[in-house]
Amino acid sequence: APFPDTKGKPTMQVLNADPKIGPGLLRIVMQPGDVIARHFHAGQAETLYILEGVFIDEGTAYPAGTELSVEPGAHHGPHTTSTGTTFLAMFTGNVNLTDFKLSAGVEQLEAIAR
C-alpha cells in the first residue's frame, strides 16, 4: 500500500475512486505486525468497517463487525494488528485517495497555533 512510513506490507485494493458514482472505497489487508503510521485526511471523512481479524487504532482493538468513523482533519492511528485484519475504508467529502498526510510534526505545530 502506498502509505508513507508503513511497516510490513499491507495491501490495498481500490474498489471505487470516482466520487461521481459513490464514496471512495478501499479494501485493505494487514498482516500481524504491519503498521500504518499516524496520519490524517485533510478534506475527507473516513469510515472503517472491520471485515476480519482485529484492527487496532490508537491502542484500541476493534473486532470484525466494528465500524469507526473519523472526521476530516482528525489525526488517527497508528493502525496495527496482532491477528491480521481485513477492512473497508470509505471516504466521503472531498474524495481524493491520495489525501494521506503524516501526523508527525503537524500535531505539534497545531498545538502551538492554538
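What follows is calculated from the coordinates using simple rules that are stated; it is not laboratory data. Being a predicted model, the structure only gives us computed values, none of them experimental. Virtual Cβ from ideal backbone geometry, glycine too; neighbours counted across all protein chains shown.
So what is the calculated 222 nm ellipticity per residue for the chain, using -39500 (n - 2.57) for each DSSP H run with n of 4 or more, over all residues, to the nearest 500 deg cm²/dmol?
-2000 deg cm²/dmol
Please list, in order along region 10-25, the HN-Hα scalar couplings obtained from phi with the Karplus expression 6.51 cos²θ - 1.76 cosθ + 1.60 (θ = phi - 60°), rounded to whole Hz, x for Gly and Pro.
Listing the rounded values in order: x, 10, 9, 10, 7, 9, 7, 10, 10, x, 6, 10, x, x, x, 9 Hz.
Cα convex hull of region 1-62: mean projected area in nm², to one decimal?
About 4.8 nm², averaged over all directions.
GLY93: net charge of surrounding residues, Cβ under 15 Å, Lys/Arg +1, Asp/Glu -1, itself excluded?
Around GLY93, the charge tally is -2.
Using only alpha carbon pairs under 8 Å that are at least six residues apart, calculate the relative contact order of region 54-100 and give it in whole percent.
Rounded, it is 40 percent for region 54-100.
Report the relative contact order of region 1-51, percent, no decimals, based on alpha-carbon pairs under 8 angstrom and at least 6 residues apart.
36
Over the Cα atoms, compute the radius of gyration (one decimal) and Dmax (the largest Cα-Cα distance, rounded to a whole number) for the chain, in Å.
13.7, 40
Students often forget the sequence filter, so: which aspartates and glutamates lie under 13 Å Cα-Cα from LYS101 once same-chain residues fewer than 8 apart are removed?
Here the aspartates and glutamates satisfying the reach criterion relative to LYS101 are ASP5.
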